[in-house]
Ligand code: SF4
Ligand code: ZN
């Protein structure tokens, strides 16, 4: 016999949320996801009502779910939403997702703007893979560096002051482990979601899905009839992220809720690291220096493209130089 929903006690449950022990029907499950995202947005003051929010939408489940949730739940705040999409130029893969995004945006009445790597950087991902001087420069590191810049540029040209991305709880925990194992303690502090302004245009980056499990986003997309791309990118590399992902999923199977516990601990660690210097032996609380650091970085400009950079040459210009000149 099927279980009843623990929230409404009316409908049959379609999902058991293992970490809380709840049984949820389709309606209560969808509502619970939308409620959780709304709570995250409010807890970290992510969006206010004068905002123009560029939602980075790739055609995958996370970003389309994010767009749908923002559209459904922010009545009352009513920010302007613009879906921004980056076309990396990967033949046979990206074309399908561009169409999915275009159709979905037109169905829910959100403007969709697209920009390609070829337009911005003079080369597509397909071309970058042909000319990269060594396989040691991984496809996803090239692509990720170019994509972050493309999203910034497209958001600026759309007049947005907030960029929302579809990173979920699993991504957040994996990113922590990647930074931890790389010894990059300072970056852990940067992941704390207080509203930091950065860059020339004062753009703010937010991750409204950071408290939602990846598997619940798949279910949300299915139960709200969101079409999404399932095919994998042909250049996807087996990064350390994939290894952490598999390991965390195994742990979660044995210990339901472990990812959620890890998320809460990481949030506390990230907050401390953001408030206090990460690169000092002295743990005595001093004046919070994260903001100072961001501000001091704001004054540094890349010598080639004149965008904010923590080095003389920014990562995008360095990547393009390696690809086109081999240095
Ligand atoms: Fe780019 Fe890697 Fe994503 Fe493919 S899998 S779109 S190469 S970041
Ligand atoms: Zn540059």
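Just so it is clear, none of the values below were taken in a lab; they were calculated from the coordinates. Note that the structure is a prediction, hence the values are computed from the model and not measured. With ideal geometry, Cβ positions are generated from the backbone for all residues, glycine too; neighbour counts draw on all protein chains shown.
Here are a few things to note about the model shown:
- In degrees, nearest ten, helix 240-254 long axis to first principal axis of the chain (Cα): 20
- Anisotropy class of the stretch 96-222 from Cα gyration tensor, a/c 1.5 cut: rounded
- Sorted into 10 angstrom bins from 0, the C-alpha pair distances of the stretch 48-144 split as 14, 41, 27, 14, 4, 0 percent.
- The stretch 9-104 - Kirkwood radius from inverse mean 1/r over Cα pairs (Å): 15.4
- Peptides 250-260, 306-316 ranked from most to least packed by the mean count of surrounding Cβ atoms within 10 Å: 306-316, 250-260.
- Residue of 63, 118, 134 that the Gaussian network model of the chain assigns the largest fluctuation, springs spanning Cα pairs under 10 Å: 134
- The tail of the calculated P(r) for the stretch 90-156, taken as Cα-Cα distances beyond 14 Å, holds 66 percent of the pairs.
- Cα-based Rg / Dmax (Å) for the stretch 1-45: 12.0, 43
- Distance from the C-alpha centroid of the stretch 2-38 to that of the stretch 85-103: 33 Å, rounded to the whole angstrom.
- Angle in degrees between helix 94-108 and the longest Cα principal axis of the chain, rounded to the nearest 10: 50
- Using alpha-carbon coordinates, inclination of helix 61-73 to the longest axis of the chain, degrees: 70
- Beta bridges assigned by DSSP with both partners in the chain are antiparallel in approximately 30 percent of cases.
- Selected from 62, 12, 171 as most flexible by GNM, with the chain as the system and alpha-carbon contacts under 10 Å: 12
- A helix-only calculation puts the chain at -15000 deg cm²/dmol for mean residue ellipticity at 222 nm, using -39500 (n - 2.57) for each DSSP H run of at least four residues, averaged over all residues.
- Percent of Cα pairs in the chain per distance bin of 20 Å, from zero to the largest separation: 28, 61, 11, 0.
- For the stretch 140-197, the fraction of alpha-carbon pairs lying more than 15 Å apart is 64 percent, rounded to a whole number.
- When peptides 139-148, 183-192 are ranked by their average number of other Cβ atoms within 10 Å per residue, the highest-first order is 139-148, 183-192.
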